[in-house]
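Heads up, the thing below is written out as structure tokens.
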Amino acid sequence: MNKKGNATWIAIIIVAVILILIGVVTFLIIANQDKKEKEKGQMLNFVDLYISSSVEGNYLISENNLEGKIYKDSYSEIKNITSNSVRILCKSSNYYSQLIEKVFTEEEQLLNSSKVDCSLDKIGNVVIRHTGNISEGEITLRVETDGVYKNLTICTAWTTNIISVSEDNCTDSCLIEQIPARIQNKVDKCFNTETTLNKDKIDVKFKITSDNANSLDEITFYIFDKDTADNFELLSEYEGINLGSEDKIYTIKYT
């Protein structure tokens, strides 16, 4: 083989070696990145969590149902949280609970420390008034509060000569099929207004269909709110206990 042929083969071998080296380096880089991504995804540090609140109460954490006390204007320490994210429920008597979905940042995991501040709303007082009457076939119910009133729900019950009571702007989506057990046998229909009041008021209009209604007939409204229960769901009652404030019962007699 002449020198020219030898040079060609040498060049081919060098190029092949270079390509092989590039392939090996590329493979190692990709494999290392994949390893880092997996390690990052699997990274699970112990995090010490500190919870504060402006009022005394209790906390409930989704990881192993951890629970304890919250102290006013100081931090409660929960050591060795082993999840990358947790749900924290802060609660206190006469206040609405707060549900916090906490995802620990990389910095918090590296520092093994995280702080959460709970902000609880005091449950407001509610005043009920109305205009209209049964004989006219329309009643406007006014619900007014001096504070916060969350997830206003209204149920209705009526007497024999009243055929139906329907919320004026309600579609099928606002009707509640699962009526709270405490009033299940007392009401005919429930409406979710999907409204939270804060030192505010709302007027809810109802249409009444009746047949020979008289002075013996009446409509009773059950007004109540909802709060986050210990199972982290928004409910009006949990395990037989009424959540939020006490039900308001308002009766309108036939006139």
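Looking at the stretch 188-206, is at least one residue β-branched (Val, Ile, Thr), more than 23 Å from Asn125 (Cα to Cα) and out of contact with any Pro (no Cβ under 7 Å at 6 or more places or on another chain)?
No.
Are any of the residues in the stretch 30-51 under 36 Å from the mean Cα position of the chain (by Cα), among the aliphatic types (A, V, I, L, M), modelled with pLDDT of 65 or more and within 25 Å of Ala229 (Cβ to Cβ)?
yes
Output the strands (runs of 3 or more DSSP E) that fall wholly within the stretch 43-83 and possess 2 or more residues being farther than 20 Å from Glu108 by Cβ, or say none.
Correct list: 57-61, 66-70.
Pull out all pairs, ordered by first then second residue, where Cβ-Cβ is under 6 Å, the residues are six or more apart or on different chains, the first lies in the stretch 135-154 and is on the phi > 0 side of the Ramachandran plot and assigned by TED's automatic domain parsing to the domain that holds Cys190, and the second is surrounded by 13 or more Cβ atoms within 10 Å (Cβ to Cβ) and assigned to a strand (DSSP E or B).
Gly137/Ile208
Conditions first: (1) within 20 Å of Leu234 (Cα to Cα); (2) out of contact with any helix residue (DSSP H, G or I) (no Cβ under 8 Å at 6 or more places or on another chain); (3) of a type in the set (Ser, Thr, Tyr). Thr193 passes all but one, so which condition is the exception?
(2)
Just checking, which of Glu237, Glu218 is under 21 Å from Leu120 (Cα atoms) and modelled with pLDDT of 95 or more?
Answer to the selection: Glu237.
If you scan the stretch 111-134, which residues turn out to be of a type in the set (Gly, Ala, Ser), surrounded by 14 or more Cβ atoms within 10 Å (Cβ to Cβ) and either in a loop (DSSP other than H, G, I, E, B) or free of Cβ contacts under 8 Å to residues at least 60 places away in the same chain (or both)?
Listed by number, the residues that qualify are Gly124, Gly132.
Of everything in the stretch 191-201 that's of a type outside the set (D, E, K, R) and at pLDDT below 95, which residue is surrounded by the most Cβ atoms within 10 Å (Cβ to Cβ)?
So, considering only residues that are of a type outside the set (D, E, K, R) and at pLDDT below 95, the one surrounded by the most Cβ atoms within 10 Å (Cβ to Cβ) is Phe191.
The values are calculated or read from the model by the stated rules, or taken from the named source; none is laboratory data. Quick caveat, the model's predicted, so the values are computed rather than measured. Virtual Cβ from ideal backbone geometry, glycine too; neighbours counted across all protein chains shown.
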